[in-house]
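The values are calculated or read from the model by the stated rules, or taken from the named source; none is laboratory data. Predicted, not measured: the structure shown is a model, and the values here were computed from it. Note: ideal-geometry Cβ built from the backbone for every residue, glycine included; neighbour counts use all protein chains shown.
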Amino acid sequence: MKKAILMMLLVVCQIGFSQSFSVTPYGLKDSQNNENGFIVLNFEGKTAKQLYDLSINFINKSYKNPDKVIKGKVEGEFLSFDTYADNFISIKNGFVKSEFNTQYTTKLSFKDGKVRFEIIALSMYNGSGFELGFMGGGGGFFVYNKKGDLKKEDAKTQLENYFNKRVLSLSEYLAGKSSDDKW
């Protein structure tokens, strides 16, 4: 049931905003343009300052200690913040599933009517300290092998679902479509 709801949200994200991340051997890329490691969200009629202020409000509502997660900001221009997620994906390795945690930094850049959404630092690791990488070979966990062939399809899908859900959540909030305020 959860997977069906998540997939529905991703379809809405891709149709409604047509901006989403795709996991490639070289990291998270714009699904419409794999040259870009960022996506651009459009919000017609909103100023850079309005989008910045709404993003600050989003962080204040979404994080337990918002002052600690915000790492940099220039009013109306950019905002960067850290996120930590326990067990954000689970990867099957043989007969065993390995839970992975993540810590990443999101950078939002603002222009009138636009927000550039970019993951500028990303670390994914399991409880034993093994990292999950996008491309590699030998020991460890990699989504793609050294040749760039998809090795862990479930990891690719889960990573895309996770990050695109974050994009959708912020996008809905900035567009005023957040269900948080409907009570």
In the set TYR26, TYR63, TYR104, TYR52, which member is modelled with pLDDT of 95 or more, surrounded by fewer than 15 Cβ atoms within 10 Å (Cβ to Cβ) and of a type outside the set (Gly, Ala, Ser)? TYR26
Residue by residue through the stretch 97-117, note down the ones that are under 15 Å from LEU132 (Cβ atoms) and either over 14 Å from the mean Cα position of the chain (by Cα) or of a type in the set (Ser, Thr, Tyr) (or both). LYS97, SER98, GLU99, PHE100, THR102, TYR104
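Quick grid of which residues meet (1) within 13 Å of the chain's Cα centre (by Cα); (2) among the charged types (D, E, K, R); (3) part of a strand (DSSP E or B):
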{"position": "ASN36", "(1), (2), (3)": "no, no, no"}
{"position": "GLU44", "(1), (2), (3)": "no, yes, no"}
{"position": "LYS64", "(1), (2), (3)": "no, yes, no"}
{"position": "LYS71", "(1), (2), (3)": "no, yes, yes"}
Might you check whether a residue that is of a type in the set (Val, Ile, Thr) and part of a strand (DSSP E or B) occurs anywhere in the stretch 47-61? no
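Filter the stretch 127-152 down to residues that are of a type outside the set (A, V, I, L, M, F, W, C), part of a strand (DSSP E or B) and either at positive phi or crowded, with 18+ Cβ neighbours inside 10 Å (or both), then give me how many there are.
First pass over the stretch 127-152, keeping only residues of a type outside the set (A, V, I, L, M, F, W, C): 127-129, 131, 133, 136-140, 144-149, 151-152.
Those still in the list that are part of a strand (DSSP E or B) too: 131, 133, 144.
Right, trim to either at positive phi or crowded, with 18+ Cβ neighbours inside 10 Å (or both) and you get 144.
Qualifying residue count for the region: 1.
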